[in-house]
Amino acid sequence: MKSKNWTFSLGSIRQWHWISSALCLAGMLLFAVTGITLNHAADIPANIQITTVEATVPQTLLAKLAAGQKEAMPLRLLKWLADEHQLYISSESKTEWSDDELYVSLPRPGGDAWLSLDLASGELTYEKTERGVVSYLNDLHKGRNTGKAWFWFIDLFAVACVVFCVTGLVLLYRYAGPRPSTWPVVGLGFVIPLILIILFVHP
């Protein structure tokens, strides 16, 4: 009876292991590769591209902005930017109002952007900086300026990785008998990072 129960649970563990490995495959490749690029970030040249837009907001729109709500990104301004300059900015972007200026911070993975509007003259400046694909992927790795969806993806991906590792450890335990090198190799996986931290990683 015990043998049948063990067989059943072993089959379940195998199933969890291969499902979690399939779910983690793309993410593990991404995080492994970007782990290398992050570790050598100083050696990888950035391909920086800067886009600047300078315009003047019509006085009629400017008057409506001055009379409107000054806590969120004005929808009238968003529509004007999209229609006139093909600039598509989220209505949830962080805005800072002062007596004479509207400033919008637009951080993004792999770059940065900002918008400034002089509320007196209507002069508007938009600047976007892009640092290339490697910088973009590095920011995905760090979860920098990636939004809530990617935030939750990282958490769920981490859970899937834990399932993958734990079920792999159980399978190692099950099949370690005829493979005497199993536990020494597993032990090295723990000991090597620990030795490096103790000897070479200084506070």
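Throughout, read-outs are computed from the coordinates displayed, never taken from laboratory work. Computed from a predicted model, the values in this text were never measured in an experiment. With ideal geometry, Cβ positions are generated from the backbone for all residues, glycine too; neighbour counts draw on all protein chains shown.
Only helices enter this figure: runs of n ≥ 4 DSSP H residues, each worth -39500 (n - 2.57), summed and divided by the residues of the chain, yield -19500 deg cm²/dmol at 222 nm to the nearest 500. Taking the three principal axes of the alpha carbon atoms in segment 27-84, the coordinate ranges are 52, 24, 19 Å, sorted in descending order.
Of the residues A41, T51, P107, the one whose Cα sits farthest toward the positive end of the charge dipole of segment 1-111, with +1 on the Cβ of Lys and Arg and -1 on the Cβ of Asp and Glu, is A41.
Cβ crowding within 10 Å, taken as a proxy for footprinting-reagent exposure, orders V185, V170 from fewest neighbours to most as V185, V170.
For the chain, the membrane-span-like helices by this rule, meaning whole DSSP H stretches whose C-alpha atoms cover at least 20 Å of axis and whose Kyte-Doolittle mean is 1.0 or above, are 147-175, 182-200; this says nothing about an actual membrane.
Principal axis extents of the Cα atoms in segment 49-130, from largest to smallest and rounded to whole angstrom, are 36, 22, 20. About the centre of its Cα atoms, the chain shows a dipole size close to 1800 debye [charges on the beta carbon of Lys, Arg (+1) and Asp, Glu (-1) only; nearest 20 debye].
For segment 98-110, putting each phi into the Karplus relation 6.51 cos²θ - 1.76 cosθ + 1.60 with θ = phi - 60° gives couplings of 10, 4, 10, 8, 10, 10, 10, 8, 10, x, 8, x, x Hz, in residue order, rounded to whole numbers and with x for Gly and Pro. Dipole magnitude for segment 49-130: about 320 debye, using +1 per Lys or Arg Cβ and -1 per Asp or Glu Cβ, origin at the Cα centre. In the distance distribution for segment 110-197, Cα-Cα pairs more than 21 Å apart total 64 percent.
Label positions at I192 and E92, each projected 7 Å from the Cα along the C-beta direction, are separated by 4.1 nm.
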